[in-house]
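*Asks:* First, the structure itself, so that you have it in front of you.
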Amino acid sequence: MLTVGIKDEAVSVFWAKAMDDRMRERSSSGAVFGLLAQHLLDDGGFVYGAAFSDDCRSVRHVRIDDKDELGSVMRSKYVQSSVGVDIYKGVERSLKDGICVLFSGTACQNAALRNYLLLKKAPMKNLLLVEVVCHGVPSPKLWSEWLEDVSQKAESKVDEVNFRSKSTGWSTYSVAYFGGKELVRSEESSRDWYMRAFLQNASLRESCLDCPAKRCCGSDITLGDFWGIEAIHPEIADSLGVSAVICNTEKGAAALDAIRSCLETGQSSMDEVVKGNPVVVHSVSPYASRDEFLEDVANNTSVECLMDKWTFEPTLKQKARRRLSALKRKILG
Ligand SMILES: Cc1cc2nc3c(=O)[nH]c(=O)nc-3n(C[C@H](O)[C@H](O)[C@H](O)COP(=O)(O)OP(=O)(O)OC[C@H]3O[C@@H](n4cnc5c(N)ncnc54)[C@H](O)[C@@H]3O)c2cc1C
Ligand code: SF4
């Protein structure tokens, strides 16, 4: 069983953004994760999060104990991250040794770790579970083949990817691909074919279509993008991003209090968060021909042929949202 019979209840709900703009540039949303992690590392703790492999072809969870390595686990990677048994054992060992641990990942990853630690009777007093709001995770096979295709077309081996480049804004983020530190390709997410497949729910894992872990994974804090903040607080919305922060436990609220001096924050509610971000509580609906698309991927259809057959043209709603964002950018200068 995935969950542990818990229903996550919001102790407090905020909008938040780091005062340090550079931190927000390096993050997907308002950089709350980065600040929580920095604080824990300063106190001698360990942080576990999702990082790319050296060649960027896959994503897996790693442990970091140094602020210089923090960048590797910051920012969303829209690929399923593998959490190896060494990670579970590492967290268990650290907790039994009295070391503070911050584990961050999707709700199902938080639930799985929590189940494991309960089974092993590990003390959880020093564990902070940080969950990222999760739309779903795409197929690692598709990612690795897509990246190969991008590399071939760019005639450069892509070894660094920023899924959340804010060069075109926060809500209209771009995906930037680098080879040997050089930018080889950058496209708004609505134009990047891999992101289109992801955002139209064509490449997601089966379990994500009926997520068993939403609001019941036992995490201390849930972090997401505060989509729709401009309609609630136009004065704080900007192109570097705002986080939605849901503290599910008193421990989570205390961790947030410890970094509050580095944040601009304001009171919010679950209703406000969910209005712009229904995936906080609901699973997404699959792309109509998802099964056929994933069959083509499984049958080793080349990316070129996949792109010809599956264009994933933006829906009318996505087009309208893009036009609206472009208009707002123009008005705000
Ligand atoms: C696959 C995926 C889908 C998401 N979908 C939504 C959504 O629909 N709506 C929404 O509001 N927010 C979504 N998020 C969360 C959002 O993008 C930010 O991660 C979150 O707001 C935290 O941002 P931050 O600025 O505080 O820190 P960041 O530095 O951006 O946070 C990065 C955190 O995300 C974790 N992470 C990164 N990639 C993965 C991965 N592949 N698997 C597990 N953990 C990962 C890292 O370990 C780290 O804790 C998604 C994140 C992921 C990874
Ligand atoms: S949608 Fe649910 S099952 Fe899918 S990765 Fe996210 S938390 Fe896990």
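The values are calculated or read from the model by the stated rules, or taken from the named source; none is laboratory data. Computed from a prediction, not measured in an experiment: that's the story for all the values here. Backbone-built Cβ (ideal geometry, glycine too); neighbour counts: all protein chains shown.
*Asks:* What strands (runs of 3 or more DSSP E) completely inside region 158-199 contain at least 1 residues that are crowded, with 21+ Cβ neighbours inside 10 Å and in contact (Cβ under 8 Å) with a residue 40 or more places away in the chain?
*Replies:* The qualifying strands (runs of 3 or more DSSP E) are 160-165.
*Asks:* What are the residue pairs meeting all of these: first residue in region 101-118, first residue more than 9 Å from ligand 1 (Cβ to nearest atom), second residue in a helix (DSSP H, G or I) and of a type in the set (Asp, Glu), Cβ atoms under 9 Å, and 6 or more apart or on different chains?
*Replies:* TYR116/GLU92; LEU117/GLU92
*Asks:* So, of the residues in region 56-86 that are farther than 18 Å from PHE46 by Cα, small (Gly, Ala, Ser) and not in a loop (DSSP other than H, G, I, E, B), which turns out to be nearest to the chain's Cα centre (by Cα)?
*Replies:* If we take residues in region 56-86 being farther than 18 Å from PHE46 by Cα, small (Gly, Ala, Ser) and not in a loop (DSSP other than H, G, I, E, B), then SER81 is nearest to the chain's Cα centre (by Cα).
*Asks:* In addition: Restricted to region 63-85, and to residues that are away from ligand 2 (no atom under 16 Å from the Cβ) and aliphatic (A, V, I, L, M), which residue is surrounded by the most Cβ atoms within 10 Å (Cβ to Cβ)?
*Replies:* Residue satisfying both the conditions and the ranking: VAL73.
*Asks:* How many residues does region 19-55 hold that are in contact (Cβ under 8 Å) with a residue 40 or more places away in the chain, part of a loop (DSSP other than H, G, I, E, B) and away from ligand 2 (no atom under 16 Å from the Cβ)?
*Replies:* Going through region 19-55 one residue at a time, the tally reaches 12.
*Asks:* Can you name every residue in region 191-226 that is modelled with pLDDT of 95 or more, over 17 Å from the mean Cα position of the chain (by Cα), charged (D, E, K, R) and more than 10 Å from ligand 2 (Cβ to nearest atom)?
*Replies:* Of everything in region 191-226, just one residue is modelled with pLDDT of 95 or more, over 17 Å from the mean Cα position of the chain (by Cα), charged (D, E, K, R) and more than 10 Å from ligand 2 (Cβ to nearest atom), namely ASP192.
*Asks:* Same structure, new question: When VAL242 is evaluated against the numbered criteria (1) in contact (Cβ under 8 Å) with a residue 40 or more places away in the chain; (2) more than 30 Å from ALA16 (Cβ to Cβ), which criterion, by number, is the only one it fails?
*Replies:* (2)
*Asks:* Moving on. Check region 309-323 and report whether any residue there is modelled with pLDDT under 95, outside the structural domain of SER104 (by TED's automatic domain parsing) and of a type in the set (Gly, Ala, Ser).
*Replies:* yes
*Asks:* Taking THR168 as meeting all but one of (1) of a type in the set (S, T, N, Q); (2) within 13 Å of ligand 1 (Cβ to nearest atom); (3) in contact with a strand residue (DSSP E or B) (Cβ under 9 Å, 6 or more places away or on another chain), write down the number of the exception.
*Replies:* Here THR168 clears every test but (2).
*Asks:* Picking from VAL279, VAL284, which residue would you name as being assigned to a helix (DSSP H, G or I), aliphatic (A, V, I, L, M) and either at pLDDT 95 or above or on the phi < 0 side of the Ramachandran plot (or both)?
*Replies:* Residue meeting the stated conditions: VAL279.
*Asks:* Looking at this structure, is ASP225 closer than 22 Å to LYS317 by Cα, in the same structural domain as SER104 (by TED's automatic domain parsing) and surrounded by fewer than 17 Cβ atoms within 10 Å (Cβ to Cβ)?
*Replies:* no
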